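The values are calculated or read from the model by the stated rules, or taken from the named source; none is laboratory data. This one's a predicted model, so the numbers in the text were calculated from it and none came from an experiment. Here the Cβ is made from the backbone with ideal geometry for all residues, glycine too, and neighbour counts use every protein chain on show.
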């Protein structure tokens with residue numbers, strides 16, 4: 001035996017007798033047979049489980065802030081909404097408290113948070129795109145606006161129809177562009193569809209506003225799309241068209257002055273003073289809506305319902321205020337005391353209330369084009385009826401003016417034409433005030449009727465009328481098959497239509513309009529019919545896919561205005577898109593499985 005081996009054995013025997021070795025041996029014997037490696041593994045598993053709980057808490061916090069549209073960051077990281085919410089939640093989640101208390105490797109940097117938001121937003125988009133792909137065909141809705149940093153933002157939305165024949169309009173994001181020419185928007189649209197793996201030849205409709213770059217019949221965006229996909233029907237947003245009709249009418253009659261409301265509302269002192277004259281149940285004054293929609297009825301109604309109060313207030317204000325406000329009040333009082341002002345107010349209120357009712361109905365995302373046509377036709381008939389009702393309107397208006405003690409209606413003095421401009425013809429004069437105001441009344445109604453007939457595109461409505469005539473048994477499918485080509489089987493379409501009419505007759509249902517057929521086959525109750533009559537179902541889907549308005553894009557602009565504010569103007573384009581997707585589709589985002597998001601995040605960090 002060598003000396004080295006002898007010394008080793010002596011050392012081993014000496015170590016067996018020491019205190020540390022005996023303690024370790026006792027602990028190993030009482031550890032139920034679990035070795036050190038297993039103990040270390042269990043500890044690692046516990047650490048990973050705690051870290052996952054903290055990660056899920058971080059993800060759910062980001063999800064909440066994004067869905068609510070609340071700023072994630074703040075002036076400093078510690079004072080940000082995100083960190084303050086984590087501190088509050090850490091009181092109830094020990095694992096999160098330990099994670100936040102760490103000095104390093106918290107995975108809470110700006111870039112990491114952006115990655116988490118991106119993963120959640122992409123998960124929402126994948127679900128939406130999956131629904132569009134399941135629908136088979138879709139329509140495009142686009143509009144553009146500038147954000148708080150004066151960057152041009154293009155909103156892209158898609159309309160499709162679900163298996164239950166329920167139309168859906170989904171916002172897919174903002175896309176920054178330096179130019180808004182037709183070619184730029186065309187390339188942008190094709191790029192967006194390519195990113196989402198949506199074939200452009202599946203587009204069956206397109207809806208924009210009336211700007212020449214999108215509506216031009218030769219080189220506009222809609223013309224370029226139709227050259228590529230002839231079945232992509234263009235719709236000029238019907239809500240915009242109704243607003244243009246109102247604009248045409250407003251140019252032909254004296255408008256109520258918006259500064260009447262501004263004079264009172266811009267001064268807290270005058271506003272409180274005015275409220276002293278009002279009854280407890282009186283409505284407050286509202287300024288005219290600055291947006292393009294025809295939401296002016298509430299403002300006009302607030303003036304009409306407070307007319308007597310306004311007269312009393314302006315008279316008191318003009319007597320007690322000696323400055324500029326008093327002079328304006330006296331001028332406004334003289335203006336309101338005129339019968340012509342009151343007549344114009346009542347006439348505008350009568351017209352705007354009907355236009356706004358139709359406009360609000362048109363903004364429903366579930367509306368189809370045939371129903372929109374019926375609403376417009378009803379509006380035309382209503383205006384014709386109003387034209388015949390001048391006598392009653394005049395009687396009521398003069399009676400109200402008499403109660404308010406306004407000036408009596410009169411014919412203005414005929415202005416003498418200078419001799420150098422006098423052509424020798426006799427100037428026209430009205431015999432009575434009623435005749436003069438009748439002419440103004442008829443002018444408004446005739447202008448509205450002419451504008452409605454001129455601005456609404458008859459070609460698209462004609463196609464929808466052909467579809468209605470076919471599904472109700474009034475026409476054959478020749479034109480429809482020629483238009484939609486390979487979208488459906490023409491030989492089976494007529495057969496399925498006839499079967500649909502027979503089944504409806506057996507059930508005592510009269511199918512006279514497109515809406516009747518739609519109601520007969522939609523929803524869960526119509527599932528057997530949709531399975532039995534697939535070609536009719538395809539035709540209904542194609543008709544319902546065509547959009548009515550671009551309100552989906554307009555609503556996304558409202559969302560951007562709430563999210564990208566002056567205080568959040570440095571937000572990047574990617575972050576804006578991800579947050580606005582979460583905020584616009586809250587119902588989808590809140591149903592996300594955060595465990596899957598956490599797994600993807602962990603895998604991404606392991607691989608990259």
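Summary of values
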{"quantity": "Some residue of region 231-241 being at pLDDT 80 or above, surrounded by fewer than 20 Cβ atoms within 10 Å (Cβ to Cβ) and not in a loop (DSSP other than H, G, I, E, B)", "calculated": "no"}
{"quantity": "From the options 172, 193, 198, residue that is within 23 Å of the chain's Cα centre (by Cα), farther than 30 Å from residue 521 by Cα and modelled with pLDDT of 90 or more", "calculated": "193"}
{"quantity": "Complete set of residues in region 502-521 that are touching a residue at least 24 places away in the same chain (Cβ under 8 Å) and crowded, with 18+ Cβ neighbours inside 10 Å", "calculated": "511, 514, 517, 518, 521"}
{"quantity": "Filter result for the condition that a residue is surrounded by fewer than 19 Cβ atoms within 10 Å (Cβ to Cβ) and part of a helix (DSSP H, G or I), over 359, 396", "calculated": "396"}
{"quantity": "Elements of type helices (runs of 4 or more DSSP H) contained in region 452-544, each with 2 or more residues being at pLDDT below 85", "calculated": "458-471, 478-484, 490-506"}
{"quantity": "Residues of region 456-471 classified as more than 30 Å from residue 530 (Cα to Cα) and crowded, with 17+ Cβ neighbours inside 10 Å, total", "calculated": "1"}
{"quantity": "Those residues of region 547-576 which are in contact with a helix residue (DSSP H, G or I) (Cβ under 7 Å, 6 or more places away or on another chain), within 19 Å of residue 141 (Cα to Cα) and part of a helix (DSSP H, G or I), in sequence order", "calculated": "551, 556, 559, 560"}
{"quantity": "Candidate set from region 321-356 (those that are at pLDDT below 85 and in a loop (DSSP other than H, G, I, E, B)); member that is nearest to residue 401 (Cα to Cα)", "calculated": "321"}
{"quantity": "Residues within region 190-220 that are in contact (Cβ under 8 Å) with a residue 40 or more places away in the chain and farther than 28 Å from residue 122 by Cα, tallied", "calculated": "2"}
{"quantity": "Search result, residues across region 527-558 that are surrounded by fewer than 19 Cβ atoms within 10 Å (Cβ to Cβ) and touching a residue at least 60 places away in the same chain (Cβ under 8 Å)", "calculated": "527, 555, 557"}
{"quantity": "Some residue of region 128-135 being more than 29 Å from residue 370 (Cα to Cα) and in contact (Cβ under 8 Å) with a residue 24 or more places away in the chain", "calculated": "no"}
{"quantity": "Members of region 162-192 that are in a helix (DSSP H, G or I) and farther than 25 Å from residue 563 by Cβ", "calculated": "182, 183, 186, 187, 190"}
{"quantity": "Whichever residue in region 399-419 is modelled with pLDDT under 80 and surrounded by 10 or more Cβ atoms within 10 Å (Cβ to Cβ) and, among such residues, is farthest from residue 440 (Cα to Cα)", "calculated": "417"}
{"quantity": "Among the residues listed as 106, 179, 97, the single one being under 24 Å from the mean Cα position of the chain (by Cα) and at pLDDT below 95", "calculated": "179"}
{"quantity": "Test: residue 445 is surrounded by 15 or more Cβ atoms within 10 Å (Cβ to Cβ), within 26 Å of residue 525 (Cβ to Cβ) and modelled with pLDDT under 90", "calculated": "no"}
{"quantity": "Every residue from region 78-94 that is over 26 Å from residue 123 (Cβ atoms) and either modelled with pLDDT under 90 or part of a loop (DSSP other than H, G, I, E, B) (or both)", "calculated": "78, 79, 91, 92"}
{"quantity": "Test: residue in region 367-374 that is on the phi < 0 side of the Ramachandran plot, in contact (Cβ under 8 Å) with a residue 40 or more places away in the chain, assigned to a loop (DSSP other than H, G, I, E, B) and loosely packed, with under 15 Cβ neighbours inside 10 Å", "calculated": "no"}
{"quantity": "Members of region 54-81 that are surrounded by fewer than 15 Cβ atoms within 10 Å (Cβ to Cβ) and either touching a strand residue (DSSP E or B) at 6+ places or on another chain (Cβ under 6 Å) or farther than 18 Å from residue 578 by Cα (or both)", "calculated": "74, 75, 76, 77, 78, 79"}
{"quantity": "Evaluation of residue 119 against (1) surrounded by 15 or more Cβ atoms within 10 Å (Cβ to Cβ); (2) assigned to a loop (DSSP other than H, G, I, E, B) (one fails), failing number", "calculated": "(2)"}
{"quantity": "First in region 292-320 and assigned by TED's automatic domain parsing to the domain that holds residue 210 and at pLDDT 75 or above, second anywhere and part of a helix (DSSP H, G or I) and surrounded by fewer than 19 Cβ atoms within 10 Å (Cβ to Cβ), Cβ under 9 Å, 6 or more apart", "calculated": "none"}
{"quantity": "Criterion (assigned to a strand (DSSP E or B) and surrounded by fewer than 23 Cβ atoms within 10 Å (Cβ to Cβ)) met by exactly one of 154, 150, 140", "calculated": "154"}
{"quantity": "Residue match in region 332-345 (condition: closer than 26 Å to residue 378 by Cβ and either crowded, with 18+ Cβ neighbours inside 10 Å or over 31 Å from the mean Cα position of the chain (by Cα) (or both))", "calculated": "yes"}
{"quantity": "Residue check for residue 563: under 25 Å from the mean Cα position of the chain (by Cα), over 21 Å from residue 363 (Cβ atoms) and loosely packed, with under 14 Cβ neighbours inside 10 Å", "calculated": "no"}
{"quantity": "Selection count where residues are touching a helix residue (DSSP H, G or I) at 6+ places or on another chain (Cβ under 6 Å) and either farther than 25 Å from residue 239 by Cβ or in a loop (DSSP other than H, G, I, E, B) (or both), scope region 194-209", "calculated": "3"}
